[in-house]
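The values are calculated or read from the model by the stated rules, or taken from the named source; none is laboratory data. No experiment lies behind these values; they were computed from the predicted model shown. Backbone-built Cβ (ideal geometry, glycine too); neighbour counts: all protein chains shown.
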Amino acid sequence: MFYRWGHVAYRHRKIIPIVVVLLIILMQVFFGSKLGERLSQEGWEDPRADSTTAAVIEQEEFGRDNSGDVIVYVTAPGGVNDPAVFHAANEQINGLREQFPGEVASIRSYFANPNQQQVNADGTAAFAAIGLAGDGEQTLKDFRTIKPALDAIELPGDATVQIAGATAVADALDKGMADDIARAERIGLVFVAIILLFVFGGVVAAAMPLIVGILSIVGSLSLLAILAQYQQVNIFSQSIITLLGLGLAIDYGLFMVSRFREELDRLGSSHHSDEPEVVAEAVAVTTTTAGKTVFFSALMVGVALSGLLMFPQAFLKSVAYGAISAVGLAAIISVTMLPALFGMLGTNIDKWSVRRTSRSGRRLEDTVWYRIPAWAMRRAKSVAVGVSALLLLITVPMVGITFGGINETYLPPSQETRQAQDAFNEEFPAFRTDPIKYVVTGASNEDLVNIVMQTRGVTGLAAPLAPVHPTEDGTTVLSAPLADRNNGKDVVEQLRAIEVPESVSTYVSGTPAMEVESIEALLERLPWMALYMVLATFLLMALVFGSLILPAKAVIMNILGIGATLGFLTAVFVGGVGSGFLNFTPGPLMSPVLVLIIAILYGLSTDYEVFLVSRMVEARNRGASTDKAIKDGTAHTGGIITAAAAIMIVVAAAFAMSDIVMMKYIAYGMIFSLALDATIIRLLLVPAVMHLLREDNWWAPRWVKRAAAALGESGDGGKFAGRAVAGGVADGQAAPAMAGAGAAAGGGTRPADEVAIGEMVVDTQPYRSGVSVDEDSSLVPFDQLMRELEQRRRREALEQLKKPELER
């Protein structure tokens, strides 16, 4: 399938890029440009939870609680009651209602109606609470309309004005995420381009992955805009899509370009590499090998991310949809547009070189990517035990993980809105903008009195729960701030335990209750998500690898890597290690973010596992021994995987500079995981474990091997089917018709009829069938052996190969 598609892409090489670019431009023009106005700040709650039901009841009966939308916090060392300060504040704050009648619904100001609850004990601080008129997303739009006027408030003397409140915090978070995307596009792409230039040594080759990355981001954000038209899409998903989509798209392009240049070298070793048939074959083989791997890798990343759909929060669903579309589009562009571009460029892929690169005559045995796994395999038991113990040790801090919600502490301590909110919370704890609420329906006056008396006994509250005026049907809302924001679970459980008559219904709501219910949803569904991801990726890897042992090993490696990463993140973001240097406040994590990082890390780990092991399987299918397949596969992919990891790290590093703790958490998690994955796991632990497993690595029932073969190469491979890579087994890959030969021969089992020719070991049976010969336990095509023998001046071997008995 992939081989045939490669030839189709070559034949239509001038049309496919135009079609792809045109489609993405049209998507951007008609849909992508409307993304910003369709994104939401909401979606963190469980729509089926009690807190969500209570919020709907409250809004229907009493309207939206807008008391904490905007806080104008005034401080004056000489006292806020100083006539000049008092009158100036009153005039400018109250003037907002006349200036913005459509945006400002209410103003409860100390300066208009002095209330001792709105001024601190020494009279140096007071506030005004502004309620905005809009609901949902309109609230943020209203705030942005009045914000210039808020910033323009000036008071005499040394009096100062700071702006806080729930909507002000939401605006600061939103701005931080927008800055993250701009930083990634502005800084990340520059450093990625430098890495690609270093890896490929030429401008044209380096541009190919960048083209895939840019088109993928533009296209996926357009798809997100279409999705946002029909369901709630949280604004945070835009950052995740840019992070994942850009990184993976460039990685996929990197693998494709690298393999195409390798195939040009291989096929051009005995023909002019610029011959059309050579380029066509190189395109087809690249699509068959790297293209198939990219396709299944993206599929597995998508499967891992689809586990987020098990959770009820719209935030997680929107991130899942957006990230899956980004990864899928990156793979589609890589497998469609890149082969067509390769067909047009041919050897011009190396044009405009900025440094000389020598790919021919290089022995894999001399590379660090060959020597490190070889070293690990010689000390397999010690390496396997030592690395596993190290990963488990790094995982230990995870036992201290705690969960909370999104609030102003997700902004850096130096951010002005964060400072204003902190100061307001300290001076006026009873007016915190995230109170816990207790919604009661169907209560009589007597019932309500009993409920109020019970709620006044709830510990962990900064003030007794105070009811609003009940409606005729006995509906009311009792509200109070928490004395300790991290003590929400205990307070929620106390409120749930209050006894009420059967005719009365009660609901615990507010931000603390929403956070508790999110944690409960996490604990309930996370095991099912993990089981789904493991089973789905296991089956896909079994089909790609033709083995059941390799997928099981991959899952274990992934779990060890994710555990270590979560341990690191807990130590830093909950424990506070390095928080001062990184400019954030340590504290509880949002449970949805934990779910998100697990899905991302599992997908990325599987991604690199597929690229690494697929190359080992290729070597094995040509008849390589287990150890040789491990070393050759790691040597072929080591440099590329390292470059790919470096690119992802650079993209993640752009987001690691974010002002938003949540984004820092994900970015640093990716950086740590990728660094771990590309070094001690892929270069040390995987080779050591596979060496210990030996032949068991390749075990699978026959139906699995048949299914894997069916997903392999199709077609006869054309006139180049019998040619191997220049440089022999160490450098090469079999052409499409040959790649499955080892599997067909029984999964790489060494043939019986062998003839020793000098240092060579020739298997006569494959030669008699015109398939391949065996050198150093690895099957290579016969005509390449001819060239090697000639190059090494083994004329005596050539004479023996011409004997009549071998020509049968």
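Tell me which of these A168 doesn't satisfy, since it passes every other one: (1) assigned to a helix (DSSP H, G or I); (2) surrounded by fewer than 21 Cβ atoms within 10 Å (Cβ to Cβ); (3) touching a strand residue (DSSP E or B) at 6+ places or on another chain (Cβ under 9 Å).
(2)
Check the range 407-422 and report whether any residue there is among the aromatic types (F, W, Y) and modelled with pLDDT under 90. Before you say what the answer is, go through the steps one by one.
Taking the range 407-422 first, the residues among the aromatic types (F, W, Y) are 410.
Cutting the leftovers down to modelled with pLDDT under 90 gives us 410.
Yes, the range 407-422 contains a residue that is among the aromatic types (F, W, Y) and modelled with pLDDT under 90.
Report yes if some residue within the range 387-398 is part of a helix (DSSP H, G or I), more than 30 Å from V169 (Cβ to Cβ), without any contact (Cβ under 8 Å) to a residue 12 or more places away in the chain and over 30 Å from the mean Cα position of the chain (by Cα); otherwise report no.
No, because not a single residue in the range 387-398 is part of a helix (DSSP H, G or I), more than 30 Å from V169 (Cβ to Cβ), without any contact (Cβ under 8 Å) to a residue 12 or more places away in the chain and over 30 Å from the mean Cα position of the chain (by Cα).
Please determine, by comparing only the residues of the range 126-162 that are of a type in the set (V, I, T) and closer than 16 Å to A172 by Cβ, which one is farthest from the chain's Cα centre (by Cα). Let's see the steps before the verdict.
The initial filter retains those residues of the range 126-162 that are of a type in the set (V, I, T), namely 130, 139, 145-146, 153, 160-161.
Pick out the ones that are also closer than 16 Å to A172 by Cβ and you get 139, 146.
Details: T139: 30, I146: 36 Å.
The selected residue is I146.
Is there a residue being of a type in the set (K, R), surrounded by 16 or more Cβ atoms within 10 Å (Cβ to Cβ) and in contact with an Asp or Glu (Cβ under 8 Å, 6 or more places away or on another chain) anywhere in the range 132-144? Can you show your working first?
The first filter runs over the range 132-144 and keeps only residues of a type in the set (K, R), leaving 141, 144.
Those left that are additionally surrounded by 16 or more Cβ atoms within 10 Å (Cβ to Cβ): none.
No, every residue in the range 132-144 fails to be of a type in the set (K, R), surrounded by 16 or more Cβ atoms within 10 Å (Cβ to Cβ) and in contact with an Asp or Glu (Cβ under 8 Å, 6 or more places away or on another chain).
For V491, are the conditions met, namely being of a type outside the set (D, E), in contact with a Phe, Trp or Tyr (Cβ under 9 Å, 6 or more places away or on another chain) and either under 24 Å from T52 (Cβ atoms) or assigned to a loop (DSSP other than H, G, I, E, B) (or both)? Break it down into steps so the answer makes sense when it comes.
Details: of a type outside the set (D, E): yes; in contact with a Phe, Trp or Tyr (Cβ under 9 Å, 6 or more places away or on another chain): no; either under 24 Å from T52 (Cβ atoms) or assigned to a loop (DSSP other than H, G, I, E, B) (or both): yes.
When the stated conditions are applied, V491 does not pass them.
Having 1 or more residues that are over 21 Å from L316 (Cα atoms) is the bar; report the helices (runs of 4 or more DSSP H) wholly within the range 1-54 that clear it.
2-11, 16-30
Starting from the range 254-268, keep only residues that are assigned to a loop (DSSP other than H, G, I, E, B), then list their pairs with residues that are surrounded by 24 or more Cβ atoms within 10 Å (Cβ to Cβ) and among the small types (G, A, S) whose Cβ atoms are within a distance under 6 Å, requiring at least 6 positions of separation or different chains.
Sorted first by the residue in the range 254-268, then by its partner, the list stays empty.
Looking at G213, G201, can you tell me which residue is closer than 30 Å to S353 by Cα, crowded, with 21+ Cβ neighbours inside 10 Å, touching a residue at least 60 places away in the same chain (Cβ under 8 Å) and assigned by TED's automatic domain parsing to the domain that holds P17?
Details: G201 fails: crowded, with 21+ Cβ neighbours inside 10 Å.
Unique residue meeting the criteria: G213.
M398 is checked against (1) more than 22 Å from V593 (Cα to Cα); (2) in contact with a helix residue (DSSP H, G or I) (Cβ under 8 Å, 6 or more places away or on another chain); (3) of a type in the set (A, V, I, L, M, F, W, C) and fails just one. What number does that condition carry?
Unmet for M398, out of (1) more than 22 Å from V593 (Cα to Cα); (2) in contact with a helix residue (DSSP H, G or I) (Cβ under 8 Å, 6 or more places away or on another chain); (3) of a type in the set (A, V, I, L, M, F, W, C): (1).
Conditions tested, residue by residue: (1) of a type in the set (S, T, Y); (2) in contact with a strand residue (DSSP E or B) (Cβ under 6 Å, 6 or more places away or on another chain); (3) modelled with pLDDT of 80 or more; (4) assigned to a helix (DSSP H, G or I).
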position: A206; (1), (2), (3), (4): no, no, yes, yes
position: S216; (1), (2), (3), (4): yes, no, yes, yes
position: L243; (1), (2), (3), (4): no, no, yes, yes
position: S270; (1), (2), (3), (4): yes, no, no, no
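Only one of G576, G623, G639 is of a type outside the set (A, V, I, L, M, F, W, C), surrounded by fewer than 24 Cβ atoms within 10 Å (Cβ to Cβ) and either in contact with a Lys or Arg (Cβ under 9 Å, 6 or more places away or on another chain) or free of Cβ contacts under 8 Å to residues at least 60 places away in the same chain (or both); which? Show your work before the answer.
On the way: G623 fails: surrounded by fewer than 24 Cβ atoms within 10 Å (Cβ to Cβ); G639 fails: either in contact with a Lys or Arg (Cβ under 9 Å, 6 or more places away or on another chain) or free of Cβ contacts under 8 Å to residues at least 60 places away in the same chain (or both).
Of G576, G623, G639, the one residue that is of a type outside the set (A, V, I, L, M, F, W, C), surrounded by fewer than 24 Cβ atoms within 10 Å (Cβ to Cβ) and either in contact with a Lys or Arg (Cβ under 9 Å, 6 or more places away or on another chain) or free of Cβ contacts under 8 Å to residues at least 60 places away in the same chain (or both) is G576.
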